[in-house]
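Data block below; observations after.
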Amino acid sequence: MSHETTRVAIIGAGPAGLLLSWALRDSGIDSIVVENRSQDYVLARIRAGVLEQGSVETLTRLGLGARIRSEGMVHNGIYLQAAGERHNVNFHDLIGRTVTVYGQQEVVKDLVAAHSDAGSTIYYEAADVAVHDLESARPRVTFGHAGEPHEITADFIVGADGFHGVCRASIPDRDITLYAHSYPFAWLGILADVAPSTDELIYSLHDDGFAMHSMRSHTVSRLYLQVDPAEDIANWSDDRIWDALQTRLGVPGWTLHEGTITEKSITPMRSFVASRLDYHSLFLVGDAGHIVPPTGAKGLNSAISDVTMLAAGLIDHYAGDDATLGRYGEAALARQWKVQQFSQWMTELLHRHPGDLQSNEFDYRSQLGRIDYVTHSLHAQRMLAEQYTGFPL
Ligand code: FAD
Ligand code: DHB
């Protein structure tokens, strides 16, 4: 059995775990990251695409801003579309803030490269990861690696192991409540080798359902379609996908350019928040503690804001002040509930509800009224702008 000691043992090498380890290293606090997948798998995972201004500031402050500056695309706003009309909402004009389109995959790539240069300890392909003695001041992590049993003793364990991880599940049921909401729709997402047909993201509500045009670079487009959660991706040929996108995104005088689809997948939508993000020596960050539906692009940004708050708490703790760390759970949850209501609002604003025709028609017309209101009221647009570009920490 190999045995190591560190200050912070981090479970999960997604963006939250890698960023926390990097932020701690920046302040001279050692940590070890334990991940159950391979590094190649972690690097290949395609997910979110939009960074709030605060996320860009955090990554830049931690020395991770070079490629965001050279390759990220700063967007002043978004387009909201309904009933065949497209409206621009310019966040920069409204409140002086912007967002940056830069894939989660690129954030992870930057973090993996930085850790690799710095010689950080990250165990990939760890088997049977388990956490122990969480109620004590010397919690432990055990796992298998390259056929050998490993044990890490730490001051703290951080669960950055996503929705399906082991950390949240290690808190006794009597000590945690899970709040959840599911939606009767899912997103079919594609990556395509074609220059984006738009300068800013288009969120569109159409009779057939929601569609979105996002991007990853000047040569790669990312597009989404609302589908039934039970839908089988095998039913969606490339031609069927492009036809649906043409229909749902089309407006007179605009052309959606098609290209080779290089990736397609279906993602379910759910909202979920754990009642606590701290339990004795354990802290939860990112998807381990909460999930949002993707509309509004808050998943990755919430993980980054949790990490920013927790890193500040741990840094203060090792400087002899426990106040910030003591407030972490409550402060992160307070921010998260604001994120939750926004993601739910964006999702319900833009998706067509299945159901019987009459109630469906009522909901739909009411939704069109709401979009009409948002696109014509400066107050409503400021509200959208403030929330989309990011809540303060
Ligand atoms: P994760 O990225 O999930 O990382 C958790 C890490 O822990 C993973 O590397 C995992 O392999 C590892 N792990 C899990 N279990 C264990 C274990 N037992 N032991 C060790 N390691 C473990 N958000 C958006 O804003 N826009 C989007 O378009 C979008 N699309 C998404 C598509 C999908 C399919 C999913 C699942 C999420 C999507 N999200 C999106 C959400 C966003 O990607 C997440 O909020 C973000 O990845 C959270 O980062 P994280 O580090 O907390 O969790
Ligand atoms: C992307 C995803 C989102 O959920 C969103 O609201 C905007 C963009 C994307 O993957 O590019």
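Residue by residue, here is whether (1) assigned to a loop (DSSP other than H, G, I, E, B); (2) of a type outside the set (Gly, Ala, Ser); (3) at pLDDT below 95 holds:
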{"residue": "Ser271", "(1), (2), (3)": "no, no, no"}
{"residue": "Gly296", "(1), (2), (3)": "yes, no, yes"}
{"residue": "Val307", "(1), (2), (3)": "no, yes, no"}
{"residue": "Gly326", "(1), (2), (3)": "no, no, no"}
{"residue": "Arg335", "(1), (2), (3)": "no, yes, no"}
{"residue": "Phe342", "(1), (2), (3)": "no, yes, no"}
{"residue": "Trp345", "(1), (2), (3)": "no, yes, no"}
{"residue": "His353", "(1), (2), (3)": "yes, yes, yes"}
{"residue": "Arg365", "(1), (2), (3)": "no, yes, yes"}
Exercise. Can we say Val8 is within 29 Å of Ala146 (Cα to Cα), of a type in the set (A, V, I, L, M) and more than 15 Å from the chain's Cα centre (by Cα)?
Worked result: yes
Exercise. So, of the residues in the stretch 62-105 that are out of contact with any Asp or Glu (no Cβ under 9 Å at 6 or more places or on another chain) and of a type in the set (Lys, Arg), which turns out to be nearest to Met215 (Cα to Cα)?
Worked result: Arg69
For this session: Please work out if Gly17 is modelled with pLDDT of 95 or more and on the phi < 0 side of the Ramachandran plot.
Result: yes
For this session: Could you tell me which of the residues Ala288, Ala244, Ala303 is away from ligand 2 (no atom under 16 Å from the Cβ), within 19 Å of the chain's Cα centre (by Cα) and either within 25 Å of Val99 (Cβ to Cβ) or not hydroxyl-bearing (Ser, Thr, Tyr) (or both)?
Result: Ala288
Problem set entry | Complete set of residues in the stretch 111-121 that are assigned to a helix (DSSP H, G or I), touching a residue at least 12 places away in the same chain (Cβ under 8 Å) and away from ligand 1 (no atom under 14 Å from the Cβ) | Ala114, Ala118
For this session: List the number of the failed condition for Glu258; all other conditions in (1) of a type in the set (D, E, K, R); (2) open to solvent by 50 Å² or more (accessible area, probe 1.4 Å); (3) within 15 Å of ligand 2 (Cβ to nearest atom) hold.
Result: (3)
For this session: Name the single residue, out of those in the stretch 87-146 being open to solvent by 50 Å² or more (accessible area, probe 1.4 Å) and on the phi > 0 side of the Ramachandran plot, that is farthest from ligand 2 (Cβ to nearest atom).
Result: Asp133
Seminar exercise, completed: Of those in the stretch 44-83 that are within 12 Å of ligand 1 (Cβ to nearest atom) and surrounded by 15 or more Cβ atoms within 10 Å (Cβ to Cβ), the residue farthest from Thr308 (Cα to Cα) is Ile46
Exercise. How do the pairs read when you match residues in the stretch 325-338 that are assigned by TED's automatic domain parsing to the domain that holds Val285 and under 14 Å from Leu314 (Cα atoms) with residues anywhere that are of a type in the set (Gly, Ala, Ser) and assigned to a helix (DSSP H, G or I), using Cβ under 6 Å and keeping only pairs 6 or more apart or on different chains?
Worked result: Leu325/Gly313; Tyr328/Gly313
For this session: May I ask you to verify whether Ser182 is in a loop (DSSP other than H, G, I, E, B) and surrounded by fewer than 20 Cβ atoms within 10 Å (Cβ to Cβ)?
Result: no
Seminar exercise, completed: Of Ser21, Ser38, Ser27, the only residue that is loosely packed, with under 15 Cβ neighbours inside 10 Å and under 24 Å from Leu277 (Cα atoms) is Ser27
For this session: Give the stretch 310-331 a look and list any residue that's open to solvent by 30 Å² or more (accessible area, probe 1.4 Å) and either within 15 Å of His290 (Cα to Cα) or within 16 Å of ligand 2 (Cβ to nearest atom) (or both), or say none.
Result: Glu330, Ala331
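The values are calculated or read from the model by the stated rules, or taken from the named source; none is laboratory data. Computed from a predicted model, the values in this text were never measured in an experiment. Cβ sites come from the backbone with ideal geometry, for glycine too, and all protein chains shown count toward neighbours. Quick note on the areas: whole protein, heavy atoms, side chains included, nothing else; ligands and nucleic acids left out. Shrake-Rupley method; radii C 1.70, N 1.55, O 1.52, S 1.80 Å.
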